[in-house]
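The structure under discussion appears below in the form of structure tokens.
Each reported figure results from applying straightforward, stated rules to the coordinates on display, with no laboratory input. Keep in mind that what you see is a predicted model, and the values were worked out from it rather than measured. Don't worry about glycine lacking a Cβ; one is built from the backbone with ideal geometry, like all the others, and counts go over all protein chains shown.
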């Protein structure tokens with residue numbers, strides 16, 4: 001064996017948080033120990049662990065590991081090189097642990113999308129100053145190595161646009177609605193029963209989780225400071241079985257798409273001299289069947305990145321779950337183990353140094369043009385259609401197709417009517433204006449639902 | 001700006017080979033110079049170039065770069081850190097250049113799949129001994145960072161199986177046949193006219209190119225020594241429009257699938273103590289519509305890897321072309337530029353040190369079980385179907401479905417008849433045996449075509 005690959009001292013890991021992902025990391029490091037040591041050139045060894053409840057049965061033997069009731073005590077241990085943070089939450093104990101770990105000269109690996117979306121720039125700057133690695137592959141798209149794919153694999157490209165399916169719960173629900181024709185509430189209950197949705201599902205189904213991930217991807221792709229607050233976010237809870245059927249009739253499926261675009265020539269964060277802006281939106285979209293994202297089913301995640309030389313790249317796989325998430329966490333650990341022969345080197349957490357991450361102003365979405373699906377629930381009385389189409393005309397929205405469909409009420413009497421239209425490509429501001437004109441109209445039984453149509 | 005990110009000296013590159021990819025690399029490095037410097041922490045600078053014909057018009061200004069008529073002279077230049085080999089060919093000038101570059105203490109980046117498939121282990125060992133990097137992301141799947149995805153992104157996993165669509169020319173032809181109903185020869189001619197197929201297409205359409213790439217993926221995924229010679233290879237030239245139609249009727253599309261499996265428990269190259277074997281095959285398959293590979297159209301490439309923790313990962317994008325290939329070449333250069341603060345570090349080219357790559361015996365495919373599509377062209381006379389089905393019965397092949405379809409000859413007279421069957425899951429050896437029984441039968445107008453069916 002080559003002299004350069006003499007065994008190095010093991011990489012010593014402290015693990016904070018022992019939920020399903022934490023247990024998965026332990027299981028992975030134990031199961032694949034030999035293989036990891038060969039690939040990393042050294043062993044990964046868990047030295048300390050900690051979580052809120054020591055007594056809880058996690059189905060794995062933890063007796064080999066030192067237990068810390070106070071997880072921040074890990075950051076002071078001499079037998080720890082890297083702290084793995086799996087506590088969760090944007091602030092609180094996770095953030096305290098992260099700051100202390102870095103201050104204590106430990107590297108930090110985390111799956112915490114909320115913390116990175118809110119505090120990623122600060123933590124990256126701290127890590128760079130301390131000369132310790134900070135990695136968070138597991139924070140976006142579970143087991144899919146998309147952060148590495150963008151940060152390194154696509155590093156030669158100016159990226160115009162990054163978008164994808166970033167929330168497995170929503171995709172599970174939308175594909176189940178599609179396959180069964182059932183309603184949202186019904187499918188959500190099943191997803192909860194099967195463990196694909198939380199008891200309190202708001203974080204997932206209202207798009208917040210996807211927005212956290214999108215803010216991280218934007219930072220990697222465009223050199224933007226993570227800016228969760230500016231992500232326009234809409235969820236999937238208002239989507240009806242009728243919307244899915246209508247989309248299908250038109251040749252589309254509905255997917256919750258998280259999309260970021262950097263508006264401005266050659267936007268790489270370097271030339272951003274004020275006329276650059278960042279567009280970030282999480283919104284259900286109609287996706288044409290010819291697009292690869294239309295075929296992403298169940299709890300799968302997928303990310304598309306469009307580079308000026310690479311063209312369209314697609315990364316796809318399990319977006320959540322203990323195994324996939326552990327796979328991403330340990331990939332970060334292997335990267336660190338491979339690179340660190342003689343102490344830690346500074347390692348940029350994003351694509352550029354933290355100090356160079358640009359706070360980009362959010363792009364006003366009204367300037368965008370797109371095709372849109374707009375669905376109304378209206379009272380079944382004369383003149384409603386005329387009212388809606390007049391508003392569209394007055395706002396300058398050009399209608400490509402329109403369908404009106406009666407729905408029977410529970411007792412068979414005439415009830416609300418569904419009107420769904422697809423617009424031609426046009427300014428999003430015009431659609432907003434049209435809906436403003438209709439606001440408060442007694443003809444509308446519910447607020448209209450707007451979903452944009454993804455191009456092929 | 002953080003002190004750690006003070007500009008470092010540029011990474012100095014010599015470029016050998018100035019075909020479309022070479023020209024693409026120059027264009028990329030010039031176009032995205034600023035962005036690359038920010039991401040890599042230093043500039044990429046081309047110092048020397050060389051190719052066979054200096055006078056040829058390549059559409060780019062080369063006057064800024066030192067020209068070497070003898071590309072091996074690059075390896076002795078003091079102003080070169082990395083040699084980029086884009087000459088091509090498994091042996092000859094490319095291999096000479098690669099060996100000399102490494103011997104001269106230069107790093108090597110190459111897009112040369114044939115050379116890595118044949119000599120990857122030797123070159124990796126040389127590079128490790130010399131302490132210089134060897135990278136070849138562009139050798140597999142063009143712009144798709146799949147080598148990085150497997151080597152690093154999936155590094156925590158034992159991979160059971162790696163497979164995908166690795167030849168854009170074949171996929172372009174198969175999807176065009178599918179969309180237009182036209183015959184192979186016809187579509188090939190169009191692909192040649194549009195630049196998606198070479199004037200001499202054998203290398204692509206007979207599966208050799210995909211087999212080179214597969215041998216490299218196997219090495220990365222399983223720690224196997226690249227073993228191109230053991231790849232069972234079949235191409236697409238015998239596929240008829242009728243096969244595509246038949247597959248479609250059954251709910252499948254036809255794709256040229258390159259597949260590698262490491263047979264043996266927990267196969268990571270470490271535990272391979274003799275009872276492990278490597279299965280590698282390039283063959284057209286029937287792919288069910290529910291599988292993501294069924295939706296890969298045109299000259300796109302896609303690779304699926306199945307990890308024991310990650311589950312199924314998919315990497316997809318442009319498999320060829322100057323832009324995507326240049327994107328992969330420059331990604332390797334950026335990786336090298338990022339890691340090299342103070343001289344070169346040894347960097348494993350595969351997932352494990354070259355000395356640890358295991359020469360795995362090829363797995364006998366007869367032991368495998370699968371469902372298969374078998375198509376016969378038979379003479380239109382009584383008893384043929386009985387003869388075929390008897391052979392199947394005698395060999396123990398269980399038929400799931402069978403269709404017989406007459407074809408009219410050019411003058412409208414009765415001509416050869418197509419018989420297509422799908423077998424139940426069973427040993428591949430049984431199918432081979434059945435076809436052996438039928439060998440030389442005057443009832444068969446052509447050799448039967450066997451395509452296996454990919455599971456979902």
Next on the checklist: Under 8 Å for C-alpha pairs, at least 6 residues apart: give me the relative contact order for region A:366-453, rounded to a whole percent.
Outcome noted: 49
Item to check | Cα-based shape type of region B:366-453, given that a ≥ b ≥ c are square roots of the gyration tensor eigenvalues and the cut on a/c is 1.5 | outcome: prolate
Next on the checklist: What does the copy distance list look like for residue A:195, label position 7 Å along Cα→Cβ, in nm and ordered from shortest?
Outcome noted: 5.1
Item to check | Bins of 5 Å, starting at 0 and running to the largest distance - Cα pair percent for region A:48-102 | outcome: 4, 19, 30, 24, 16, 7, 0
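Per DSSP H run of at least 4 residues, take -39500 (n - 2.57); add these up for chain B, divide by its residues and hand me the 222 nm value, nearest 500 deg cm²/dmol. Don't jump to the answer; show the numbers that get you there.
Numbers: 12 runs with 142 residues, N = 456.
Value at 222 nm, helices only: -9500 deg cm²/dmol.
If a/c stays under 1.5 just call it rounded; otherwise compare a/b with b/c (prolate if a/b is bigger, oblate if not). Do that for chain B, with a ≥ b ≥ c from the square roots of the Cα gyration tensor eigenvalues.
Prolate is the answer for chain B, as a/c is 1.5 or above and a/b outweighs b/c.
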Checklist outcome for this item: Mean other chain Cβ within 10 Å across A:295-307 is 2
Checklist entry - Put the label 7 Å from Cα along Cα→Cβ for residue B:456; what are its distances to the other copies, in nanometres, shortest first? => result 2.6
Next on the checklist: Using a 7 Å offset from the Cα along the Cα-to-Cβ direction at both residue A:90 and residue A:312, what is the distance between the two label points in nm, to one decimal?
Outcome noted: 3.3
Checklist entry - Computed FRET efficiency, Cβ-Cβ of residue A:122 and residue B:275, R0 56 Å: what is it to the nearest 0.05? => result 0.60
Next on the checklist: Rounded to the nearest 5, what % of DSSP beta bridges with both residues in chain A are antiparallel?
Outcome noted: 70
Item to check | Residues of region A:30-57 with amide N under 12 Å of the 7 Å Cα→Cβ point at residue A:73 | outcome: A:49-51
Checklist entry - Got a sec? Which residues in region B:229-244 would a label at residue B:370 touch, if it sits 7 Å along Cα→Cβ and we count backbone N under 14 Å? => result B:231-236
Checklist entry - For region B:94-144, what is the relative contact order in percent, using Cα pairs closer than 8 Å and at least 6 residues apart in sequence? => result 44
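How would you rank A:222, A:279, A:350, going from fewest to most other Cβ atoms within 10 Å of each one's own Cβ?
Ascending number of Cβ neighbours within 10 Å: A:279, A:350, A:222.
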Checklist outcome for this item: Pseudo-spin-label distance residue A:56 to residue B:54, built 7 Å along Cα→Cβ, given in nm, is 7.1
Checklist entry - Which percent of the Cα-Cα distances in the protein assembly as shown go past 56 Å? => result 13
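When you count, for each residue, the other Cβ atoms within 10 Å and take the mean per peptide, how do A:306-314, A:391-399 rank with the highest first?
The packing order, highest mean first, is A:306-314, A:391-399.
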Item to check | Per-pair calculated FRET efficiency, R0 = 30 Å: residue B:393 and residue B:415 via Cβ, rounded to 0.05 | outcome: 0.60
Next on the checklist: If I model a spin label as a point 7 Å beyond the Cα along the Cα-Cβ vector, how far apart are those points for residue B:63 and residue B:200 in nm?
Outcome noted: 3.8
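Most exposed first by the Cβ proxy, i.e. fewest other Cβ within 10 Å, how do B:262, A:170 rank?
B:262, A:170
Sort A:203, A:376, B:136 by Cβ crowding within 10 Å, fewest neighbours at the top.
A:203, A:376, B:136
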Checklist entry - If you average the sequence gap of Cα pairs under 8 Å that are 6 or more apart and divide by the length of chain B, what percent do you get for the contact order? => result 17
Checklist outcome for this item: Of all DSSP beta bridges with both partners in the protein assembly as shown, the antiparallel percent, nearest 5, is 70
